[in-house]
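Everything below concerns the one structure shown next.
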Amino acid sequence: MHVIAASDSFKGTLSSEEIARLLAEEASAVFPDARVTSVPMADGGEGTAAALVAACGGELRRVRATDPLGRPVDAAYGLLWGQRAVIEVAAASGLPLLAPAERDPFRASSYGTGQLLRAALDAGVTSVTLALGGSATNDGGMGMLRALGVHFLDQRGCELAGCGADLARVARIDLTGLDPRLGRAHIQVMCDVDNPLTGPQGASAVFGPQKGATPSVVAELDAGMESYAACVREATGVSVVNTPGAGAAGGIGAACLAFLGARLRSGVEAVLDLAGFDELLAQADVVVTGEGRADGQTARGKVVSGVAAACLRRGVPCVAVVGGMEPGADRLPGLTAMVPTAIDPAEGLESALAHAEERYRAAARRLFQLVALGRRVAG
C-alpha cells in the first residue's frame, strides 16, 4: 500500500507535515507494509514557501527587508534545488504584518517583496515562483519594481515612493535601471483570482476594503490605478487593465505581467508541478488530500480540487479528509470520497479546534479501515 499525503494545512491547528505523520501512523496500523510519501501542499498563500521546501528539498533563506510601511522585518523565501526560488508576497508585504489600525493602502508599499526577489537573484536563482496571496498593498506593484531598479517619476521628474497614494501621480516610468538578471530568469506567478486591475471587480474595489480602504479611498485608488495603467502601457507596450489576474495582490499581478514577462498560473497547479506530483502518482495506490473546511471555494483553485484533478488524469483514487464540509463540497472531478473529521454536527468550532489531532487521527483510521474493507470485498 503506497499512500501519498498531499493535504493543505488545517489553519491554526495542523500543518501539512503533521497531517502526513498522522496518516502514516494510521495507515501502518491497518496496513503494516504501508508506505506514505508526504507532499506538503499550499495554494499560493502563506506557508507556500515552507511547503515547497519540504516537498522539493532546499532551505528557507532569511532576508532583512521592509514591511508594507517601510519598517525593518525579517522575511524568508524558499531556495529550492535547481536554482529555483519561491517567494511569498505575504512574507514582507503581507496583511498579517500590520495591526488592523495600521492598514492603509495609500501608504502601503510592496518594496519588501522586490527586496526578496533581488536577494534570490543574488543567490544565483534562474527560476522564480511568486505567490501573490495575502498582500497588504494596493500600489500596482510599484514598490516591488522600485526595489528592482525601476523609477517612477511625477510631472516634474521627481521620483515617487511607489505606494498607493502615488498611483495617480505617475507621469513617466524609467526602465533603464531594471535589474538585467530578470530578463534571463523564468518567472511564474501563483494567482488564484481572475480580477482585472480596475473597475468594480478590480484590485481596489474588491480587495481594498480588507486592506483598510473606505469607499471614498477605493474610488480614489481605482482612478489612480487607471492612470497608472496608462503609463505602464506607454512604458512597456503591455495593456494590463482588463487582463484576468492583473488585480491580484493590489496590482502586483499586473506588474509581473507587464514588467517581468511573468506567466500567471493556478497556485496549486504550480505547487504540484514544482513538487513533481505527476511522477509520484505513477507508484501510488491512493492519494489523501484535504483542508480545514470544504465549501464553495474548494472547487475554485484550492488544494483539494487541484490534487483531485491531477489524480483524475492519472487514474489514481483520491480521498479528502476535511475538518468540516458544506453540502455538495464533495462533488469534485477526481474525488472518490470526502471524510469529515467532525462526527457531531453540533460540535462547536472551539471544541473542534481543541481536538483537531484526535479528530483527524480517528478519521484517518476510518478511512484506511474502509480501504481495507474494499480490498477484501473486491478480492
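A few remarks follow.
- Of the peptides 170-177, 227-234, the order by per-residue mean of other Cβ atoms within 10 Å, starting with the highest, comes out as 227-234, 170-177.
- In percent, rounded to a whole number, the relative contact order of region 48-267 is 19, using alpha-carbon pairs under 8 Å and six or more apart.
- Counting only DSSP beta bridges whose two residues both lie in the chain, roughly 40 percent are antiparallel.
- Karplus-derived 3J(HN,Hα) values for region 49-66, using 6.51 cos²θ - 1.76 cosθ + 1.60 with θ = phi - 60°, are 4, 5, 5, 6, 4, 5, 7, 9, x, x, 8, 8, 9, 8, 9, 7, 10, 10 Hz; glycine and proline are entered as x.
- With the highest mean first, a sort of the peptides 151-159, 14-22, 283-291 on other beta-carbon atoms found within 10 angstrom per residue produces 283-291, 14-22, 151-159.
- Adding -39500 (n - 2.57) for every DSSP H run of four residues or longer, then dividing by how many residues the chain holds, sets the calculated 222 nm ellipticity at -11000 deg cm²/dmol.
- Virtual paramagnetic centre 7 Å along Cα→Cβ of Ser239, amide N under 14 Å, in region 191-226: 197-198
- Projecting the Cα positions of Ser7, Cys56, Gly290 onto the charge dipole of the chain (unit charges on Cβ atoms of Lys, Arg, Asp and Glu, taken about the Cα centre) puts Cys56 furthest along the positive direction.
- Averaging Cα coordinates gives a centre for region 194-247 and one for region 57-132; these two points are 22 Å apart.
- Rounded to 10°, Cα long-axis angle of helix 215-236 versus longest principal axis of the chain: 80
- Close amide-amide hydrogen proximity is noted between Thr198 and Ala203, each under 5 Å apart and 5 or more residues distant or on a separate chain (H modeled in the peptide plane; Pro and chain starts excluded).
- All C-alpha to C-alpha distances of region 98-257, sorted into 5 Å bins beginning at zero, yield P(r) values of 2, 10, 20, 24, 22, 14, 7, 2, 0 percent in whole numbers.
- If you wrap the chain in the convex hull of its Cα atoms and look at it from every side, the mean projected area works out to 19.5 nm².
- Point-charge dipole on Cβ atoms (K/R +1, D/E -1) for region 296-365, about Cα centre, debye to 20: 520
- Compared with the dominant principal axis of the Cα atoms in the chain, helix 111-122 is inclined by about 70°.
- Between 0 and 90 degrees, the angle of helix 16-30 with respect to the longest Cα principal axis of the chain falls at about 10 degrees.
Each value in this text was obtained by applying a stated rule to the coordinates, not by laboratory testing. Computed from a prediction, not measured in an experiment: that's the story for all the values here. All Cβ positions, even for glycine, are placed from backbone atoms using ideal geometry, and neighbour counts span all protein chains on display.
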